[in-house]
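These notes concern the structure reproduced below.
The values are calculated or read from the model by the stated rules, or taken from the named source; none is laboratory data. Everything numeric here is computed off the predicted structure, so don't read it as measured data. Cβ coordinates were reconstructed from backbone atoms using ideal geometry, including for glycine residues, and neighbour counts include every protein chain displayed.
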Amino acid sequence: MSRLFLAPLALATVLTATLASAHHSFAVFFDDKQEVTLRGTVTMFRFTNPHGTLAFDVTGPDGQVQHWRAETNAPSVLQRRGWTRSSVRPGQVITIKGWRARDGSRYIRMGEVRDADGKLVGGRFGTNDD
């Protein structure tokens, strides 16, 4: 009898832990005191749950290309702020402002994106938006 009860309980615990790790807190991964602004060329935009991803290439002062990624909000939040799947496209030059990853990687949490003309794409995002 106890095995019949424990097996589903163990499965529920594993699933809950897996889902919880898929959606993380801003403060765990990003530093709100390390705001960066980067200009680069979009290589990929994924409009997916739980967070979208924007990949872009930045040419450093030494002429070397650096590959960066930015985490966005969920598509439902992006849509409320005026974003669509085609708001940014590969090859498009953007200026992106966001908060740097705590581990120092080339990964940021997106705060705002501007097109090559300086026009805001969609709306701004805060550090606690979800």
Next item on the list: Could you figure out which of (1) surrounded by 11 or more Cβ atoms within 10 Å (Cβ to Cβ); (2) modelled with pLDDT of 95 or more; (3) of a type in the set (Gly, Ala, Ser) isn't true of GLY111?
Entry: (2)
Margin query: Looking at ALA27, ALA17 in this structure, which one is within 16 Å of the chain's Cα centre (by Cα), at pLDDT below 95 and part of a helix (DSSP H, G or I)?
Written below: ALA27
Next item on the list: Filter the range 64-88 down to residues that are within 12 Å of THR53 (Cα to Cα) and among the charged types (D, E, K, R) and give me whichever is modelled with the highest pLDDT.
Entry: ARG69
Next item on the list: Give the number of residues within the range 108-130 that are within 16 Å of ARG46 (Cβ to Cβ) and without any contact (Cβ under 8 Å) to a residue 40 or more places away in the chain.
Entry: 1
Item checked: strands (runs of 3 or more DSSP E) within the range 38-104 that include 1 or more residues free of Cβ contacts under 8 Å to residues at least 60 places away in the same chain and acidic (Asp, Glu) -> 53-59, 65-71
Next item on the list: Return the total of residues in the range 58-106 being of a type in the set (Asp, Glu) and loosely packed, with under 13 Cβ neighbours inside 10 Å.
Entry: 2
Item checked: Residues of the range 120-130 satisfying the condition of being exposed (fewer than 15 other Cβ atoms within 10 Å of the Cβ), assigned to a loop (DSSP other than H, G, I, E, B) and either in contact with a strand residue (DSSP E or B) (Cβ under 6 Å, 6 or more places away or on another chain) or at pLDDT 95 or above (or both) -> ARG124, THR127
